[in-house]
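Only one structure is covered here, and it is reproduced in the block below.
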Amino acid sequence: MRVGLWKPVVLVVAASFVVSGCLLPPGPHRSARVVASPPTPAKSGPPAHAKAYGHRSRFTYHYYPDARVYFDTGRGAYFFLRNGVWEMSASLPTQLRIDLGARVTLDMDLDRPYLRFEEHKKKYPGKKKKHKVKGKKKKKHEKDD
């Protein structure tokens with residue numbers, strides 16, 4: 001072999017080692033990979049206490065001030081107070097089904113609207129009528145027993 005011929009052969013062999021070091025061989029080594037966690041999404045929209053101008057809320061509720069009931073239009077669920085505890089149900093208890101009264105539409109970012117109940121109670125007091133007990137009226141000539 002000539003002296004000048006071995007330089008290209010050495011270069012080809014060296015290049016093949018470099019290139020083969022960049023490739024992954026087939027087999028179990030291919031499954032080892034680095035997985036980066038997804039980026040944390042930036043919180044969009046205004047803070048909870050601010051008006052949501054230009055921001056679309058996630059939940060729409062019908063609030064019935066007279067009955068103190070919320071209805072989630074997206075989930076078809078009612079939120080109501082029972083024995084001092086807020087409950088969620090697809091239907092209302094019979095005592096609340098009679099007449100809910102007028103409603104107010106609320107757009108909120110909360111999935112539990114009753115967390116702002118005190119605020120809603122003050123802002124929308126309702127027009128609850130006091131029910132008078134219907135009874136027999138006494139005539140002037142009747143005596144009390």
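What follows draws every value from the coordinates through simple rules; no lab data is involved. Remember, predicted model here, so these are calculated numbers, not experimental data. Because the Cβ atoms are built from the backbone with ideal geometry, glycine has one as well, and the counts that use them run over all protein chains shown.
Phi-derived couplings, Karplus 6.51 cos²θ - 1.76 cosθ + 1.60 at θ = phi - 60°, listed residue by residue for region 105-114: 8, 10, 9, 9, 9, 8, 8, 10, x, 5 Hz, with x used for Gly and Pro.
If I take all pairs of Cα atoms in region 59-123, what percentage of them are more than 19 Å from each other?
Numbers: 422 of 2080 pairs.
Considering region 59-123, 20 percent of its Cα-Cα pairs are separated by more than 19 Å.
Estimated at 0.36 nm per residue, the fully extended path between TRP6 and SER89 surpasses their Cα-Cα distance by 21.3 nm.
Could you work out the relative contact order of region 59-123, using alpha carbon pairs under 8 angstrom and six or more residues apart, expressed as a whole percent?
Values: 95 pairs, mean separation 24.5, N = 65.
Rounded, it is 38 percent for region 59-123.
When peptides 113-124, 88-99, 58-69 are sorted by average Cβ neighbour count within 10 Å, with the highest value leading, the order is 58-69, 113-124, 88-99. Shown is the FRET efficiency for ASP111 and PHE17, computed with R0 = 35 Å from the Cβ-Cβ distance and rounded to the nearest 0.05: 0.05.
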